[in-house]
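The values are calculated or read from the model by the stated rules, or taken from the named source; none is laboratory data. Keep in mind it's a predicted model, so treat the numbers as computed, not measured. Every residue, glycine among them, receives a Cβ derived from its backbone with ideal geometry; neighbour counts consider all protein chains shown. Accessible surface areas use protein heavy atoms only, side chains included; no ligands, DNA or RNA. Shrake-Rupley method; radii C 1.70, N 1.55, O 1.52, S 1.80 Å.
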Amino acid sequence: GVTRLLLTRIPFFKEIIVSSFSCASCSWSNTEIQSAGRIQEQGVRYTLAVTSRQDMNREVVKTDCASARIPELDFEIPAFSQKGVLTTIEGIIDRAVAGLEQDQPARREMDKEVARKIDEFIGKLRQLKEVNSPFTFILDDPSGNSFVENPRAPQRDEALVVTHYRRSPQQAAVLGLEVDAKLPDAAEDLRDEVLQFNTNCPECNAPASTNMKLVQIPHFKEVIIMATNCDSCGHRTNEVKSGGAIEPQGTRITLRITDPSDMTRDILKSETCSVEIPELEFELGMGALGGKFTTLEGLLKDIRDLVEKNPFTLGDSSTPSRTGKLQEFIGKLQDVKGKAQAHFIMDDPAGNSYLQNVYAPEEDPELSVQRYERTFEQNEELGLNDMKTEGYEPQEASGR
């Protein structure tokens, strides 16, 4: 026979080698695929909700180490039971049906009951091709080299969920990878490494990448900084998450702004922190602007942008009096950044916010940090009232 090899690239995926064999004598043919790249850093799991006949035509790259499951039928194609193949979801079902039918004549002679049950199951598999009722198709590949087509790419596909995961030592051994006897400290790896994962741009929904880094803030604690940069529309955003637990007490930080150099102080504003400037009668509630790691000047600029872009103050619905008050407020906010003295107050019930002490480790005469006991309402907002962390172990039944 003749074997043909083709190196091709699947859009939004990677390069693969398609191997096709055909025999002129008996007309037998076979097609297999092999990944043209290395084993990926993480495994991948595709979960597709099949709801229409169009979903049956989605292209699928299934390597030989990938397993396929249909939970509704309790059906699974184990890893290494088939060669790698480039096909469709309908093609995978057809291959499964062909494999089950292969030994049916012998089964009917030896065990009619088993053959009858397999015939019933084959009928259920064939009914899946008609998509009379939705079902779930799961493709799990520890090597990370399998693929299920997204016909809406580069847009998000609501029916398809792609999950990347870290391989277990057993999966790595099956793939022929060396497993270190001593696993590295995950926390140390995070401190020295910038993690990157694929996501979609919140503005244009194009594929983008998000960088994540664990950072130690001097005289405070560890935080996680996440930054997204979109090459398509140029949108850039960053967000900060606390790297630790909620503190036992809330924190109220008050800074008296006396000099323009105060604008350069570093600020960590968590998503649970509210901001207040009494001289301007201004208060920003928790949740607004999200988590930020910036300077005082940068936070005031974000507040100004938030006020200027408020949709209720723009367009035909705005009134001259309201617009005038906003312009007056923006002018006062600009004075705070320049020469006016004011108090800047950060109130964080979770205790995960921070304002730089430029005199550290000495006391800062313009900065005061007050710790307080949270109220019941604050604990309720943080979800702590219903959180039970001790005494939940089942008690032994006392003897009577």
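At 1.4 Å probe size, with every protein chain present, just tell me what the per residue accessible area of the chain comes to in Å².
Averaged over the residues of the chain, the accessible area is 62 Å².
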> Pulled fully out, how much extra length does the chain show between K332 and S368, if you take 0.36 nm times their separation in residues and subtract their Cα-Cα distance?
Replying inline: 10.6 nm
> Farthest toward the dipole's positive end in the chain, which of V61, G250, L300, given Cβ charges of +1 (Lys, Arg) and -1 (Asp, Glu) about the Cα centre?
Replying inline: V61
> Of K241/K309; K83/K112; K221/K332, which pairs sit farther than 28 Å apart, going by alpha carbon to alpha carbon?
Replying inline: K83/K112; K221/K332
> Can you give the accessible area of D364 in Å² (nearest 10), computed on protein heavy atoms with a 1.4 Å probe?
Replying inline: 10
> What order, most packed first, do the peptides 247-253, 372-378, 144-150, 234-240 have when packing is the mean number of other Cβ atoms within 10 Å of each residue?
Replying inline: 144-150, 247-253, 234-240, 372-378
>> Could you report the accessible area of L7 in Å², rounded to 10, computed with a 1.4 Å probe on the protein chains as they sit in the structure?
In response: 110
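So between S209 and T51, what do we pick up on full extension, going 0.36 nm a residue minus the alpha carbon distance?
Values: separation 158, 0.36 × 158 = 56.88 nm, distance 2.99 nm.
Between S209 and T51, full extension yields 53.9 nm more.
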>> Amide H of R265 versus every other amide H placed in the peptide plane: which residues, excluding those fewer than 5 positions away on the same chain, fall under 5 Å?
In response: L296, E297
> Which entry is the computed Cα Rg over 2.2 N^0.38 Å for this structure: (i) 1.40; (ii) 1.14; (iii) 0.98?
Replying inline: (i)
>> Under 20 °C and 1.002 mPa s, how fast does segment 87-134 diffuse according to Stokes-Einstein, given a Kirkwood radius computed over C-alpha pairs? Answer in µm²/s, whole number.
In response: 187
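By accessible area of protein heavy atoms, probe 1.4 Å, what ranking do R304, R4 get, highest first?
On the way: R304 80, R4 145 Å².
From most exposed to least exposed: R4, R304.
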> Non-local amide H neighbours of F282 (under 5 Å, H modeled in plane, Pro and chain starts lacking H): which ones?
Replying inline: I277
> Got a number for the accessible area of K241? Probe 1.4 Å, square angstrom, nearest 10.
Replying inline: 70
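Under a 1.4 angstrom probe, counting protein chains only, how are M286, M212 ranked by accessible area, largest first? Before the final figure, lay out the partial values.
Details: M286 80, M212 50 Å².
From most exposed to least exposed: M286, M212.
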> Can you list residues whose amide H is under 5 Å from R167's amide H, if they're 5+ apart or on another chain and H is modeled 1.01 Å from N?
Replying inline: G43
> Using θ = phi - 60° and the Karplus curve 6.51 cos²θ - 1.76 cosθ + 1.60, what whole-Hz ³J(HN,Hα) does each residue of segment 66-83 get, with Gly and Pro shown as x?
Replying inline: 9, 10, 10, 9, 10, x, 4, 9, 6, 10, 9, 9, x, 5, 6, 8, 9, 6
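Can you tell me the order of 125-133, 346-354, 50-58 when each peptide is scored by its average per-residue count of other Cβ atoms within 10 angstrom, highest first?
Details: 125-133: 13.3, 346-354: 24.0, 50-58: 15.3.
Ranked by mean Cβ neighbours within 10 Å, highest first: 346-354, 50-58, 125-133.
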>> Normalised by the empirical 2.2 N^0.38 Å for globular proteins, what value does the Cα Rg of segment 22-71 take?
In response: 1.59
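Please report, to one decimal in angstroms, the Kirkwood hydrodynamic radius of segment 194-242 built from all distinct Cα-Cα pairs. Show your work: numbers first, answer last.
Values: mean 1/r = 0.0869 Å⁻¹.
After inverting the mean inverse Cα-Cα distance, the result is 11.5 Å.
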>> I'd like to compare 97-108, 267-278, 20-31: which one has the highest average count of other Cβ atoms within 10 Å, and what's the full order after that?
In response: 267-278, 97-108, 20-31
